[in-house]
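S.K.: Please read through the structure below; I'll follow up with questions.
What follows draws every value from the coordinates through simple rules; no lab data is involved. In this text, all values refer to a predicted model and were calculated from it rather than measured experimentally. Reconstructed Cβ throughout: ideal geometry from the backbone, glycine too, with neighbour counts over all protein chains shown.
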Amino acid sequence: MIIHDTEGRIFTLQTHSTTYQMKADQNGVLLHTYYGPKIQQGDLSRLIRYADRGFSPNPDEAGSDRTYSLDTLPQEYSGSGAGDFRLPSLEVERRDGSYVADLRYAGAQVLGGKYALEGLPAFFGSERDADTLVITLEDPAAALRVELLYGVFEDCDLITRAVRIINDGDQPVRLHRAASLCLDFPAASMDWVTFDGGHVKERRPNRAPLRPGVQSVGSIRGISSHQHNPFVMLCEPQADEEHGVCYGAALLYSGNFEAAAERSQFDDIRLTMGIHPFHFCWTLEPGQAFTAPEAALVCSPNGFGQMSRQFHRAVRGHLLRDPWRGRRKPVQVNSWEAFYFHYDQQRLLQFAKESAALGVELFVLDDGWFGRRNDDSSSLGDWFPNEEKLPGGLPALSAEINALGMEFGLWIEPEMVSEDSRLYREHPDWVLNAPGRPYTRGRCQLVLDYTRPEIRDYIFQTLQKQLDEANVSYIKWDMNRSLAQVWSAAIPAQRQGEVYHRYVLGVYDLLERFRQANPNTLIEGCSGGGGRFDMGMLYYTPQIWCSDNTDAIDRLTIQYGTSFAYPPSTMGAHVSAVPNEQTGRSVPFDTRGTVAMSGTFGYELDLGALSQEEKNQVIRQIQAYRESYDLIQTGDYYRLSVPTPDGQPTAWLHVSADRRTALLCVVSGQAHAGAPFRRIKLRGLDPTLRYRAAEEELWPGDMLMQAGYPLPMLGEYQCLRLWLKAE
Ligand code: GLA
């Protein structure tokens, strides 16, 4: 709900458990008065104290009042160069070379339903789900208008923000920074939590008290990156899964981003998030507008668990546009870790036949099917089948796969080109590269200039032809390098600072075209695993390959970190062979299944090469996947422990909305002789109900939550999957 007190110029956004408030003060400065656990009513600007602070200057409107300074006031969207020395939200260069941005309130509008952003991902909602607030700020000297957009989803405690900057003047201006989000907190100790790692070790939570000054994470790789996720948290120092106030902020963006938190000289805190200012410079001609991507906020009064569950609810209900919604997703087998590039039609069909016999429903042909692609050094861009490997091409193969009762899926990497390709030989100028400089290659490949519509058109046409000819119901859209030498031959010198962002807009444009041309096809995102696992991509690709690391024990940590913002249904996860390709570790088959089942579930190994006992396990696993599908995909997710490299078990729980059904998953760590008996305290159950645990006796909900469930002795890396059903 949005409450607009027109007289007091106060805007209060109320969600189920939180309140967010702003007020345009007597000088037209839009103050941020509060964000946190719910407060029913009131003008919260009374919480703000004023004092004369040395070296904190005063704007002209303050007259002789030296206690009024932009440097000390909590602001909704900070300017720059006008006396606020904390993190700026907006940096603008005018034609005359001045760099000041100084915004004042100009008006507001409340609308039913959720606003949309043209060409950019955004949460969606009808009038039943959401409301929109648009607050207009102005900088008259620069003739700039800034619209702050807010989407309020009451049920899931979600507040979205986006910003539109409009040039109302008759001179061009250059934007050097346009944050999506600025959020000020009063003086307090807070912890800063980021999700960091690298290729094959994505999204590990890192938590530390916020020190004085700016702490930031971001990406200048052109993709949101394996190294830092565009999701961060701020929380009270005592916050944990169940307790304490915490704030999560996600950026719906898949390119360069920056998330920064600053603890000021007076210990108040500012969080900003948006496109990374590195190499960003956007020229706004008179009359033009620039839209900064959407950011999404959830505040939880009761720890991280509630925040995650609210994000999960919001993502599932208002972000994913899943063409397979309402239908159980088929169990897939993917050819990558089974064969890499080394296959032919016969081998694939044998593989498919054996997979189908075990109950697999979707066959995904990964890399290696096109051009002369027999390793990763060639053929990207040549999107026609390799007839030597696949006589009759994709139509023949997909028909054979369909005849086995399976759907057919295909890997593509449309943003790339290999130098050894027909496409590159015809269009060497289609790549991003700084003029006069040798290439910086990544995985032997170059990046196509997606800022250019004619290149996107070409890729669309050639790939769509393959999709039209074969019966493709799933696409894995991969992207396997960071951007470097970023320069476009189609953009004038003074506008090269737009290329990184225009590239992302180009990717979104093409994804949307493929979505619309193939309305029943599911697109899974991938970037060497989780290099572009962000809410921007999720808008187009409702699931994303979580990591190239398929070791079930490492995956515990990766999926744990990912779950803070993203629901299990979005996490691509497969059972792969042992010893694992990445770690050399051998984890029991059951455990590999349990871990993959708390994601999208599938196989990434040659099922035909398994022993009969393992094949029987596959059949049982697929049965178990079907039984737990609804609960895992739509239920509430509880992290019960932090994965650790030592002997501690890792546990998590899926609970149905009515709290009558739950699935406890536990994976034990390294084995040590003489280990203690452990109990796992469950959460989210109904304390008054009694739950039957598999075939055992009944367990009261309060006992399971207060005293815990006593784990059996589990050997190294073994697992437990325990159903609990209320009677
Ligand atoms: C990336 C993906 C893998 C696989 C290979 C194919 O690394 O993450 O899953 O598709 O590319 O080259």
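S.K.: Relative to 2.2 N^0.38 Å, what does the C-alpha radius of gyration of the range 20-85 come to as a ratio? Two decimals please.
M.R.: In units of the globular-protein estimate, the range 20-85 measures up at 1.15.
S.K.: Then there is this: To the nearest µm²/s, what D does Stokes-Einstein give for the range 392-446 at 4 °C and 1.567 mPa s, using the Kirkwood radius over alpha carbon pairs as Rh?
M.R.: 92 µm²/s
S.K.: List the cysteines in the chain whose Cβ has no other cysteine Cβ under 4.7 Å from it.
M.R.: Isolated Cys, the chain: C156, C182, C281, C299, C444, C526, C546, C665, C719.
S.K.: Name the long-range amide H neighbours of I523: under 5 Å, sequence gap of 5 or more, or other chain; modelled H, no Pro or chain starts.
M.R.: I475
S.K.: Also, I was wondering about something else. Would you calculate, for the chain, the mean residue ellipticity at 222 nm contributed by helices, counting each DSSP H stretch of 4 or more residues as -39,500 (n - 2.57) and dividing by all residues, to the nearest 500?
M.R.: -6000 deg cm²/dmol
S.K.: Taking 1 over the mean of 1/r across every pair of different Cα atoms in the range 107-236, what Kirkwood radius in Å do you get?
M.R.: Result for the range 107-236 stands at 17.6 Å.
S.K.: Dividing the convex hull volume of the alpha carbon atoms of the range 8-160 by its residue count, what do you get in Å³ per residue?
M.R.: 134 Å³
S.K.: Given charges of +1 on the Cβ of Lys and Arg and -1 on the Cβ of Asp and Glu, with all other atoms neutral, how large is the dipole of the chain about its Cα centre, in debye to the nearest 20?
M.R.: Roughly 800 debye, rounded to the nearest 20.
S.K.: May I ask for the net charge around D170, where only other residues with Cβ less than 11 Å from the Cβ of D170 are counted and Lys, Arg are +1 while Asp, Glu are -1?
M.R.: Counting the neighbours of D170, the net charge comes to -1.
S.K.: What ranking do 151-159, 617-625, 36-44 get when scored by the average of other Cβ atoms within 10 Å per residue, highest first?
M.R.: Final packing ranking: 151-159, 617-625, 36-44.
S.K.: Out of the trypsin sites (Lys or Arg not before Pro) in the range 54-109, which ones are loop residues according to DSSP with at most 14 other C-beta atoms within 10 Å?
M.R.: Passing sites in the range 54-109 are R95.
S.K.: Whole number please: convex hull volume per residue of the Cα set in the range 318-460, in Å³?
M.R.: 145 Å³
S.K.: Follow-up. Loop-only GluC sites (Glu not before Pro) in the range 384-459, please: DSSP not H, G, I, E or B, and at most 12 other Cβ atoms within 10 Å.
M.R.: E387, E388
S.K.: What whole number of Å gives the distance from the Cα centroid of the range 698-727 to the Cα centroid of the range 516-530?
M.R.: 37 Å
S.K.: Using amide H atoms built 1.01 Å from N in the peptide plane, name the residues 5+ places from L365, or on other chains, whose amide H lies under 5 Å from its own.
M.R.: Under 5 Å from the amide H of L365 lie the amide H atoms of G409, L410, W411, each far enough along the sequence or on another chain.
S.K.: Where in the chain are the DSSP H helices whose alpha-carbon span along the long axis reaches 18 Å or more and whose Kyte-Doolittle mean is at least -0.5?
M.R.: 345-358, 499-517
S.K.: Additional query: Compute from the Cα atoms of the range 246-302 the Rg and the Dmax, the latter being the longest Cα-Cα distance, and quote both in angstrom.
M.R.: Spelled out, the Cα radius of gyration and Dmax of the range 246-302 are 14.6, 47 Å.
S.K.: Restricting to Cα pairs below 8 Å that are 6+ residues apart, what does the relative contact order work out to for the chain? Please round to a whole percent.
M.R.: 10 percent
S.K.: Let me ask another. What FRET efficiency comes out for K38 versus A517 if R0 is 30 angstrom and r is the Cβ-Cβ distance? Round to the nearest 0.05.
M.R.: That pair, K38 with A517, gives E of 0.10.
S.K.: Right, something else. Express in whole angstrom the spacing between the alpha-carbon centres of the range 545-623 and the range 90-126.
M.R.: If we compute the Cα centre of each part, the gap is 43 Å.
S.K.: Here is a further query. Excluding Q14 itself, what net charge comes from residues whose Cβ is under 14 Å from its Cβ, given Lys and Arg +1 and Asp and Glu -1?
M.R.: -4
S.K.: Moving on. May I ask for the distance between the Cα centers of the range 5-59 and the range 365-414, given as a whole number of Å?
M.R.: With the range 5-59 and the range 365-414 each reduced to a Cα centre, they are spaced 58 Å.
S.K.: Moving to a separate point now. For the range 216-360, with the dipole built from +1 on Lys and Arg beta-carbon atoms and -1 on Asp and Glu ones, taken about the Cα centre, which of F311, A249, P230 lies farthest toward the positive end?
M.R.: Value: F311.
S.K.: Would you please calculate the Kirkwood hydrodynamic radius of the range 474-590 over all C-alpha pairs and express it in Å, rounded to one decimal?
M.R.: 16.2 Å
S.K.: Give me the net charge of L711's neighbourhood, meaning all other residues with Cβ under 12 Å from the Cβ of L711; Lys, Arg count +1, Asp, Glu -1.
M.R.: +3
S.K.: So what is Rg over Rh here for the chain, counting just Cα atoms and using Kirkwood for Rh?
M.R.: 0.98
S.K.: What are the equivalent ellipsoid semi-axes of the range 89-170, built from the alpha-carbon gyration tensor (square roots of five times its eigenvalues), in whole angstrom, biggest first?
M.R.: Over the Cα atoms of the range 89-170, the semi-axes work out to 29, 12, 10 Å.
S.K.: At each listed q (0.17 Å⁻¹), what is the log10 of I(q)/I(0) that the Debye formula gives for the range 198-312 modelled as equal alpha-carbon point scatterers?
M.R.: Log10 of I(q)/I(0), two decimals: -0.94.
S.K.: Starting from the coordinates of the alpha-carbon atoms of the range 526-662, obtain the Kirkwood hydrodynamic radius over all distinct pairs and give the value in Å to one decimal.
M.R.: 15.5 Å is the Kirkwood radius here.
S.K.: Next question. Binning at 5 angstrom from zero up to the longest distance, how are the C-alpha pair distances of the range 153-217 distributed in percent?
M.R.: 3, 9, 13, 14, 18, 17, 12, 7, 5, 1, 0
S.K.: How big is D, in µm² s⁻¹, for the range 589-677 by Stokes-Einstein at 37 °C and 0.692 mPa s if Rh is the Kirkwood radius over C-alpha pairs?
M.R.: 224 µm²/s
S.K.: Show me the GluC sites (Glu not before Pro) within the range 1-78 that DSSP assigns to loop and that have at most 15 other Cβ atoms within 10 Å of their Cβ.
M.R.: For GluC sites (Glu not before Pro) across the range 1-78 that sit outside H, G, I, E and B with at most 15 neighbouring Cβ atoms in 10 Å, the list reads E7.
S.K.: Using 0.36 nm times the number of residues separating Q612 and A187, minus their current alpha carbon distance, what extension gain do you get?
M.R.: Here the answer is 146.7 nm.
S.K.: Which value results for Rg/Rh of the range 458-538 when Rg is the Cα radius of gyration and Rh the Kirkwood radius based on the inverse mean 1/r?
M.R.: The Rg/Rh ratio comes out at 1.01.
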